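Here is the structure we will look at, set down as structure tokens.
The values are calculated or read from the model by the stated rules, or taken from the named source; none is laboratory data. All values reported here derive from a predicted model rather than from experimental measurement. Glycine gets a Cβ as well: all are built from the backbone with ideal geometry, and neighbour counts include every protein chain shown. Each accessible area value is taken on the protein alone, full model and side chains, heavy atoms only, with ligands, DNA and RNA left out. Shrake-Rupley method; radii C 1.70, N 1.55, O 1.52, S 1.80 Å.
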Amino acid sequence: MDTHVKVLGILNIILGAFGLLGALVILVVFGGAAGILGAASHGDPDARIAIPIISIVGVGLFFLILLLSIPDIIAGIGLLQFKPWARILGIILSVLHLIHIPFGTAVGIYGLWVLLSGGTEQLFQSRTAPPQPVTPVKL
């Protein structure tokens, strides 16, 4: 299961990177559309209304996709390091990935299978540092 967790971590990082790339593409497309409309409108009053709307929608979509992609990268890095919190975050993200047909669904099913297996839970528990004994301080 060690290898499966690492593969899942890499897949999460890849999905997050594609999300970031998609967010940048949306920002460029909507910004370009607003710029072209501004250059071609020559003071048209309808364009004065449309340009801010296009810009706001583009920036809003950019930040939405950005906020949805960053947790994938964080979970992927945590899974590669076998952090216990990354297992929980990975399970949540795997459930959310199920609605992203087809690739997200495949990663979501794989992620749930990997992270909900009994051996995986023990793998994450064994990687945590044991608590250090507290030595009393002499006064």
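Is it fair to say residue 43 is modelled with pLDDT of 90 or more and open to solvent by less than 80 Å² (accessible area, probe 1.4 Å)?
On the way: modelled with pLDDT of 90 or more: no; open to solvent by less than 80 Å² (accessible area, probe 1.4 Å): yes.
Here the answer is no, as residue 43 does not meet what is asked.
Against the definition (over 16 Å from residue 6 (Cα atoms), at pLDDT below 90 and open to solvent by 80 Å² or more (accessible area, probe 1.4 Å)), how does residue 52 come out, yes or no?
Values: over 16 Å from residue 6 (Cα atoms): yes; at pLDDT below 90: yes; open to solvent by 80 Å² or more (accessible area, probe 1.4 Å): no.
No: the conditions fail for residue 52.
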_Only one of 22, 31, 9, 16 is over 18 Å from the mean Cα position of the chain (by Cα), surrounded by 14 or more Cβ atoms within 10 Å (Cβ to Cβ) and either modelled with pLDDT of 85 or more or closer than 18 Å to residue 108 by Cβ (or both). Can you tell me which?_
31
*Please work out which one of (1) open to solvent by 30 Å² or more (accessible area, probe 1.4 Å); (2) under 25 Å from residue 13 (Cβ atoms) is the condition residue 37 fails and give its number.*
(2)
*asked:* So for the range 89-109 (the condition being open to solvent by 80 Å² or more (accessible area, probe 1.4 Å), of a type in the set (S, T, N, Q) and closer than 15 Å to residue 5 by Cβ), does at least one residue qualify?
replied: no
